[in-house]
Amino acid sequence: MLSEKGFSLIEVLISLTILSVSVIGISQFFNQANQISAGNNNKLVATNLARMTLERLQNDYAAYEIKASPQTYDKNQCTSSNCRDLYETMINNNKYETIITVISQQDEETSIKLFPVKVTIHYKSNQKDQVTFVEGYVKNVK
């Protein structure tokens with residue numbers, strides 16, 4: 001006759017199996033949430049870097065060795081190492097590359113001495129190439 005004072009071995013094994021399947025499912029959820037969070041953090045850093053670069057351009061675009069004529073600039077156009085450092089940044093062990101595109105001016109932009117600029121940041125997030133950009137205007141001091 002069976003005793004009703006405890007669990008049988010089969011009941012314990014079944015409950016452990018159910019528990020382990022549940023834990024594996026929940027742990028995969030946390031792993032995926034962590035990857036999404038890291039990707040969002042990288043995008044936030046890239047967006048802030050693009051905004052900061054645009055702000056620096058508005059204060060002193062000569063440091064980036066760009067001109068008010070339509071062209072794309074990256075670290076390869078730099079003649080000094082200080083300039084190259086502005087186009088390539090390492091943050092949180094992730095490399096962010098900056099590309100600055102000076103866009104063609106409209107007549108009204110030329111008359112008020114502004115030239116449109118697009119700052120593009122290339123980076124890797126979760127082993128995928130990602131891009132974010134910011135557009136704005138820079139005052140032509142010449």
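The numbers here are math on the coordinates, done by the rules we state, and not lab data. Quick caveat: nothing in here was measured; it's all calculated off a predicted structure. Every residue, glycine among them, receives a Cβ derived from its backbone with ideal geometry; neighbour counts consider all protein chains shown.
When we screen LEU19, LEU44 for residues that are more than 24 Å from ASN126 (Cα to Cα) and in a helix (DSSP H, G or I), the only hit is LEU19. Going by the conditions given, is ILE24 more than 22 Å from the chain's Cα centre (by Cα), among the aliphatic types (A, V, I, L, M) and in a helix (DSSP H, G or I)? Considered against the rule, which asks whether it is more than 22 Å from the chain's Cα centre (by Cα), among the aliphatic types (A, V, I, L, M) and in a helix (DSSP H, G or I), ILE24 comes out as yes. The residue that is farthest from TYR61 (Cα to Cα), counting only those in segment 105-142 that are hydroxyl-bearing (Ser, Thr, Tyr) and surrounded by fewer than 16 Cβ atoms within 10 Å (Cβ to Cβ), is SER111. Considering every residue within segment 42-50, establish whether at least one is surrounded by 12 or more Cβ atoms within 10 Å (Cβ to Cβ), free of Cβ contacts under 8 Å to residues at least 40 places away in the same chain and more than 21 Å from the chain's Cα centre (by Cα). Within segment 42-50, not a single residue is surrounded by 12 or more Cβ atoms within 10 Å (Cβ to Cβ), free of Cβ contacts under 8 Å to residues at least 40 places away in the same chain and more than 21 Å from the chain's Cα centre (by Cα). Give the residues of segment 59-80 that are under 24 Å from the mean Cα position of the chain (by Cα), of a type in the set (S, T, N, Q) and either part of a loop (DSSP other than H, G, I, E, B) or surrounded by 12 or more Cβ atoms within 10 Å (Cβ to Cβ) (or both), sorted by residue number. Hits for segment 59-80 are GLN71, THR72, GLN77. Selection of first residues in segment 79-106 that are free of Cβ contacts under 8 Å to residues at least 40 places away in the same chain and of second residues that are of a type in the set (Lys, Arg) and in a helix (DSSP H, G or I), restricted to Cβ pairs under 8 Å at least 6 apart or on distinct chains, gives the following pairs, ordered by first then second residue: CYS83/LYS75; ARG84/LYS75; LEU86/ARG56; TYR87/LYS75; GLU88/LYS75; GLU97/LYS75.
I'd like to know if segment 14-29 contains one or more residues that are surrounded by 11 or more Cβ atoms within 10 Å (Cβ to Cβ) and more than 30 Å from VAL131 (Cα to Cα). Yes - at least one qualifying residue is present in segment 14-29. Restricting attention to segment 90-103 and to residues that are farther than 18 Å from LYS118 by Cβ and of a type in the set (S, T, N, Q), the residue that is surrounded by the fewest Cβ atoms within 10 Å (Cβ to Cβ) turns out to be ASN93. Would you call GLU65 acidic (Asp, Glu) and touching a helix residue (DSSP H, G or I) at 6+ places or on another chain (Cβ under 8 Å)? Criteria met by GLU65. Does ALA33 satisfy being part of a helix (DSSP H, G or I) and surrounded by 12 or more Cβ atoms within 10 Å (Cβ to Cβ)? Considered against the rule, which asks whether it is part of a helix (DSSP H, G or I) and surrounded by 12 or more Cβ atoms within 10 Å (Cβ to Cβ), ALA33 comes out as no. Evaluating ASN126 against the criteria (1) at negative phi; (2) touching a Gly at 6+ places or on another chain (Cβ under 7 Å); (3) not aliphatic (A, V, I, L, M) leaves one unmet condition, (1).
Summed over segment 113-142, residues that are polar (S, T, N, Q) and part of a strand (DSSP E or B) total 4. Residues in segment 107-123 that are without any contact (Cβ under 8 Å) to a residue 60 or more places away in the chain and within 28 Å of the chain's Cα centre (by Cα): LEU114, PHE115, PRO116, LYS118, HIS122.
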